[in-house]
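> Mind looking over this structure? Questions follow.
Just so you know, all these numbers are worked out from the coordinates, no wet-lab data involved. Values in this document were obtained by computation on a predicted structure and should not be read as measured data. We place every Cβ from the backbone using ideal geometry, glycine too, and count neighbours over all the protein chains shown.
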Amino acid sequence: MIEGLAQLVNRDPAIVRWGRRMNQTFMVAVGDTQFLLTVRDGQLQVEKGPFTQRSWSFAIRAQPEAWEKFWQKTPAPGWHDLFGLLRRGEVAFEGDQRVLMAYLMYVKLVLAAPRNL
Amino acid sequence: MKLEPITGRYGAFQSQNRTFRLYYEEAGQGIPLLCLHTAGSDGRQYRAVLNDPAITKNYRVITFDMPWHGKSSPPAGWQNEDYRLTTGSYTGMIMDFIRALGLERPVVMGCSIGGRIVLDLALKHARELRALIGLQTGAYVERYYDAAWLDHPEVHGGRACGAVAYGLMSPLSPEKERWETVWHYMQGGPGVFTGDLYFYQVEGDIRSRIGEIDTSVCPLYLLTGEYDYSASPRDTEAAAARIKGAKMTVMKGLGHFPMSENPEAFLGYLRPLLEEIRKR
């Protein structure tokens, strides 16, 4: 899912516009598999780990089963939003929370994009 | 331009020994129905209720923007203090508004923080009220994110508050209405949503008292959207289980802002309930 995210996001100006001022790298972990998502003016580039000595501003980690529920076309109640997963204890936000909160709408839209596949 | 039947007015409102320039809207005639908006938003959330002829033919629907919210001003000196809503200031403000307008035994309907405060109104003012409707009611919600980030000089408050509100809605609600709900959140003043959440996530824990609510004096209806994870159906059930006579309904496919994220679906639940209250 994450591998195809760059193409999905970059062709959707309705998502890109929310990240237009964002120039950051953040990590998304699907279980033990790590991805680095680098954003340049809202355009996304995705790399799959493992990584050696790479930096990121914040990380969002969840188990594959949680992401699978989150990425359903119509997710079940409580599985439809990152903060919903947070209340369930199904996701962990690490690192610089300021950056995550500053670009929260973009991050939410990016990570929900696979639902439209 | 096609005009709506809603009218808005400003007035000098006294509460908590302070004067606020308060804005409120109303439509319809009959039994007063006072609608309380959610944390960090304003009375526009109730647009569809105010515009519904099936309701306004028997109800005088009123909604006010709380001080600091919407078109209501903060008091003089706001620049020197942190805004913080508490159970006492919230209940006091609602009752002061009811007296200021001379509303006789109104029905009070509130959502989220408003859904919480109706429980306090049930405890303290049941005899002065005809019925209470809690939307997205929980007696308490453990803090699961840090609301301080919504009031931080290096985070755009409007964008962050909007993004938080966005997630609380149902993916099944119409896009147009969802994004309008987000817009209301994006227009909030700095620290206002966070100040409301002080009541919701910190001070306003009402769990130990709800068993004393007497619904034979004032009926209590609890309606909760199934997609809400802030005041989830489970949270409402936990409260309802301890209040004898409370009537709970889970609203299918709705989220935390039923009246504004999917007005048509919400009105489908609200209209029969208001008819039931009217015929009591």
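> Can you name every residue in the stretch A:81-112 that is touching a Gly at 6+ places or on another chain (Cβ under 9 Å) and either at the interface with chain B (Cβ under 7 Å from one of its Cβ atoms) or within 14 Å of A:Ala6 (Cα to Cα) (or both)?
Of everything in the stretch A:81-112, those that are touching a Gly at 6+ places or on another chain (Cβ under 9 Å) and either at the interface with chain B (Cβ under 7 Å from one of its Cβ atoms) or within 14 Å of A:Ala6 (Cα to Cα) (or both) turn out to be A:Asp81, A:Leu82, A:Phe83, A:Gly84, A:Arg87, A:Leu104, A:Met105, A:Tyr106, A:Val107, A:Lys108, A:Leu109, A:Val110.
> Restricting to the stretch A:67-80, count the residues that are at the interface with chain B (Cβ under 7 Å from one of its Cβ atoms) and over 14 Å from the mean Cα position of the chain (by Cα).
Residues that pass the stated criteria total 4.
> Scan the stretch B:177-214 for residues that are touching a residue at least 24 places away in the same chain (Cβ under 8 Å), under 25 Å from B:Glu237 (Cβ atoms) and not hydrophobic (A, V, I, L, M, F, W, C) and jot them down.
Within the stretch B:177-214, B:Thr181, B:Asp196, B:Tyr200, B:Gln201, B:Glu203, B:Gly204, B:Asp205, B:Arg207, B:Arg209, B:Gly211, B:Glu212, B:Asp214 meet the criteria.
> State whether the residues of the stretch A:29-39 include one that is part of a helix (DSSP H, G or I), more than 9 Å from chain B (Cβ to nearest Cβ) and either in contact (Cβ under 8 Å) with a residue 12 or more places away in the chain or over 13 Å from the mean Cα position of the chain (by Cα) (or both).
There is no residue in the stretch A:29-39 that is part of a helix (DSSP H, G or I), more than 9 Å from chain B (Cβ to nearest Cβ) and either in contact (Cβ under 8 Å) with a residue 12 or more places away in the chain or over 13 Å from the mean Cα position of the chain (by Cα) (or both).
> Collect the residues in the stretch B:100-123 that are among the hydrophobic types (A, V, I, L, M, F, W, C), within 15 Å of B:Glu26 (Cα to Cα) and surrounded by fewer than 24 Cβ atoms within 10 Å (Cβ to Cβ), keeping them in residue-number order.
If the condition is that a residue be among the hydrophobic types (A, V, I, L, M, F, W, C), within 15 Å of B:Glu26 (Cα to Cα) and surrounded by fewer than 24 Cβ atoms within 10 Å (Cβ to Cβ), then B:Ala100, B:Leu101, B:Leu103 are the ones that fit.
> If you don't mind, there's one more thing I want to ask. For B:Gln201, are the conditions met, namely being over 15 Å from the mean Cα position of the chain (by Cα), within 26 Å of B:Pro74 (Cα to Cα) and away from chain A (no Cβ under 14 Å)?
When the stated conditions are applied, B:Gln201 does not pass them.
> Here is a follow-up. Could we say that B:Val217 is buried (at least 19 other Cβ atoms within 10 Å of the Cβ) and either outside any loop (DSSP other than H, G, I, E, B) or of a type in the set (A, V, I, L, M, F, W, C) (or both) here?
The answer is no for B:Val217.
> Is it the case that A:Ala92 is of a type outside the set (Phe, Trp, Tyr), in a loop (DSSP other than H, G, I, E, B) and touching a helix residue (DSSP H, G or I) at 6+ places or on another chain (Cβ under 9 Å)?
For A:Ala92, the condition - of a type outside the set (Phe, Trp, Tyr), in a loop (DSSP other than H, G, I, E, B) and touching a helix residue (DSSP H, G or I) at 6+ places or on another chain (Cβ under 9 Å) - is not met.
> Could you figure out which of (1) surrounded by fewer than 17 Cβ atoms within 10 Å (Cβ to Cβ); (2) in a helix (DSSP H, G or I) isn't true of A:Gly84?
It is condition (1) that A:Gly84 fails.
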